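A short reminder: the numbers here are calculations on the coordinates, not readings from a lab. As the structure is a computational prediction, the values presented were derived from the model and not from experiment. Heads up, the Cβs are rebuilt from the backbone with ideal geometry, glycines too, and the neighbour counts pull from every protein chain shown.
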Amino acid sequence: MVIDVQNDFCPNGALAVLDGDTIVAPINAMLPDFAARILTQDWHPRGHKSFASSYNGKSAYDVIDMPYGPQILWPDHCIQSTDGAAFHNGLKTQTADLIIRKGFRPQIDSYSAFFENDKTTPTGLEGYLRTRGLDTVTIVGLATDFCVAYSALDAARLGFKVTVDMNACRSIDLNGSLDAALFQMHAAGVKLKHD
Ligand code: VGL
Ligand code: ZN
């Protein structure tokens, strides 16, 4: 599973992840090694409720209470059909089995590829994996401490065997979010691969 390797998460993007583009080549090299390739795309409508710009007096990275819990507010990013929402140009998207979009409901954010941030609204990915008989996933992409970690934690909770290949991930690291994510993934039995 390749999470959110999109222009807005790469250098010069709206929510740039440091060195986000450096994982494109290693991901391309990995793709042929897997039985299935699933790409995700963060895909927000304009005025999405995870954007600081949707509120008076709020700034990016403020935290607000949503009906489903605390939500970090982000700069506008990955707006549907914009260049920022497109995959990085170098990413080999042609061999994808499935491209799954998330975060398209205006009122709710979706970090995980499996569930939106309410932890109950499904994206459909679980059914896709199960009906294809896939029980083991390797996850790479952006960002390690948000969409990658949330996807890995949900996959583990659903009973999939999960590896996160750290060589092909980069993080946002906001207020200790990377350490927290690594700790939670480790505790959930997610294998963190480094080499
Ligand atoms: C992501 C913040 C907001 C991610 C997406 O892909 O990690 N982070 N939307
Ligand atoms: Zn987003």
**OP:** Using a 10 Å cut-off on Cβ atoms, rank the peptides 158-166, 145-153 from the highest mean neighbour count down.
**Re:** 145-153, 158-166
**OP:** Per residue of segment 162-167, in order, report the coupling 6.51 cos²θ - 1.76 cosθ + 1.60 (Karplus, θ = phi - 60°) as ³J(HN,Hα) in whole Hz, putting x for Gly and Pro.
**Re:** 10, 10, 10, 8, 5, 5
**OP:** Step through the residues of segment 48-62 one at a time and calculate ³J(HN,Hα) from phi using the Karplus curve (6.51 cos²θ - 1.76 cosθ + 1.60, θ = phi - 60°), rounding each to whole Hz and writing x for Gly and Pro.
**Re:** 4, 6, 8, 9, 4, 5, 7, 10, 6, x, 10, 10, 4, 6, 5
**OP:** Of the listed pairs K92/K119; K92/K193; K49/K191; K58/K191, which have alpha-carbon separations greater than 26 Å here?
**Re:** K92/K119; K49/K191; K58/K191
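With r as the distance between the Cβ atoms of A25 and T136 and R0 = 22 Å, compute the FRET efficiency 1/(1 + (r/R0)^6) and round to 0.05.
Details: r = 24 Å, r/R0 = 1.09.
Efficiency at R0 = 22 Å is approximately 0.35.
I need to check one value: relative contact order of segment 31-119, counting alpha carbon pairs closer than 8 Å and at least 6 residues apart, in percent. Kindly include the intermediate steps, with their values, before the conclusion.
Numbers: 142 pairs, mean separation 33.2, N = 89.
Normalised by residue count, the contact order of segment 31-119 is 37 percent.
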Subject >> the chain: relative contact order in percent, alpha carbon pairs under 8 Å with at least 6 residues between >> reply: 23
Original post:
Relative to the longest principal axis of the chain, what angle (0 to 90°, nearest 10) does the C-alpha long axis of helix 177-187 take?
Top reply: 40
**OP:** Would you grab the residues whose amide H sits under 5 Å from the one on M66? Only those 5+ places off in sequence or on another chain, please, with H modelled 1.01 Å from N.
**Re:** Q71
**OP:** Mark the label point 7 Å from the Cα of Q80 along Cα→Cβ and return the residues of segment 114-143 whose backbone N is within less than 15 Å of it.
**Re:** none
Original post:
Relative contact order for segment 92-188: what is it in percent, counting Cα pairs under 8 Å that are at least 6 residues apart?
Top reply: 23
Subject >> Radius, Kirkwood style, for segment 26-99 when every pair of distinct Cα atoms is counted (Å) >> reply: 14.6
**OP:** Take the Cβ-Cβ distance between L158 and D195 as r, set R0 to 35 Å, and report the resulting FRET efficiency rounded to the nearest 0.05.
**Re:** 0.85
